[in-house]
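Peer 1: The structure is given below, and queries will be raised subsequently.
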Amino acid sequence: MTADLYITSRDRTVSGALALVMHLLFFALLVFGVTWQRREPAAVVAELWSNLPAPPPPKAEPEPPKPPPKAEAKPVPKVEPKPAPKADIALRDKKEKALKAKERELAEKKKREEQARLEVLKQQAKEAEAQRLAREQDEALRKLAQSQAAAQAKVVDEYKRRIAERIKRFIIEPPSLQGNPEVEFDVIMLPGGEVLDVKTRKASGQAPWDNAVERAIRRAQPLPLPPDPALMREFRELNLRFRPKE
């Protein structure tokens, strides 16, 4: 407060005037500077640039290698098929027909061959079946013949035994008979059982015994024969042997 007491109104007036003058000067300098800048900058700038040394030329940087140009894909020209001449069409149709005919011929040939093969197989099967049946028939006939032969042999043996038994009933043994001599005769017979002939095949060595047996053979006729005439061949010629003790 003491300092404010010594400032007079005159001092305040002088300070205000000085401040005003300073503002005016500042304003004038500002206006002058703007005006000077508008008038002189081009010349000053040109003079400054003319006095400056020339800058070194910039180094040229190597350009990067350019990629090879891409080959543009050329469009493939569409080739329109040329119409075949009529002669070619006819020839092609002819070839196709010939090929189809050949295929049909081959198919028919194959079919005929297959049929022929089947016929051969059928014929072979028939022949095999016929052979099988023939074998079976032959086997059956053989077994039948064996059975018949066995049956006939049994009948023949039975009737030979009967003939021998009938002859033995008519044998009169001689009193001078010694031992057990054997005599063998061949007897020829007729279908009715009659004795046609009697021949001595092997004598016993004792004539009384041999004569007694021969007389018995003749006295025993007609001898028994089987009823089957087919067996007569087994009795047309009989071989008979006799012993007194049998």
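The values are calculated or read from the model by the stated rules, or taken from the named source; none is laboratory data. Here the structure is a predicted model, which means the values were calculated and not measured. Glycine gets a Cβ as well: all are built from the backbone with ideal geometry, and neighbour counts include every protein chain shown. Accessible surface areas use protein heavy atoms only, side chains included; no ligands, DNA or RNA. Shrake-Rupley method; radii C 1.70, N 1.55, O 1.52, S 1.80 Å.
Peer 1: Taking all protein chains together and a probe of 1.4 Å, list F26, F235 from the most accessible to the least accessible.
Peer 2: F26, F235
Peer 1: Which chymotrypsin sites (Phe, Trp or Tyr not before Pro) does region 139-193 hold that lie in a coil by DSSP with at most 15 other beta carbons within 10 Å?
Peer 2: On the way: sites: Y159, F170, F185; in loops: F170.
Hits after loop and neighbour filter: F170.
Peer 1: As a test question: what accessible area, to the nearest 10 Å², does M189 have when a 1.4 Å probe is rolled over all protein chains in place?
Peer 2: 0 Å²
Peer 1: Of K100/K122; K154/K199; K154/K245; K202/K245; K154/K202, which sit over 23 Å apart, Cα to Cα? Can you show the working numbers first?
Peer 2: On the way: K100/K122 32 Å; K154/K199 26 Å; K154/K245 25 Å; K202/K245 18 Å; K154/K202 26 Å.
Over 23 Å apart, Cα to Cα: K100/K122; K154/K199; K154/K245; K154/K202.
Peer 1: Right, next: Skip the ligands, DNA and RNA, and give the accessible area per residue of region 129-224 with a 1.4 Å probe, whole Å².
Peer 2: On the way: 6110 Å² over 96 residues.
About 64 Å² of surface per residue is accessible.
Peer 1: In addition: Which value, in Å² and to the nearest 10, is the accessible area of T13 when all protein chains are kept and the probe is 1.4 Å?
Peer 2: Accessible area, nearest 10 Å²: 100 Å².
Peer 1: Right, another one. Which trypsin sites (Lys or Arg not before Pro) does region 181-246 hold that lie in a coil by DSSP with at most 15 other beta carbons within 10 Å?
Peer 2: Those that pass, being in a loop and sparsely packed, are R236, K245.
Peer 1: For labels at S15 and L141 in the simple 7 Å Cα→Cβ model, what's the distance in nm?
Peer 2: 17.6 nm
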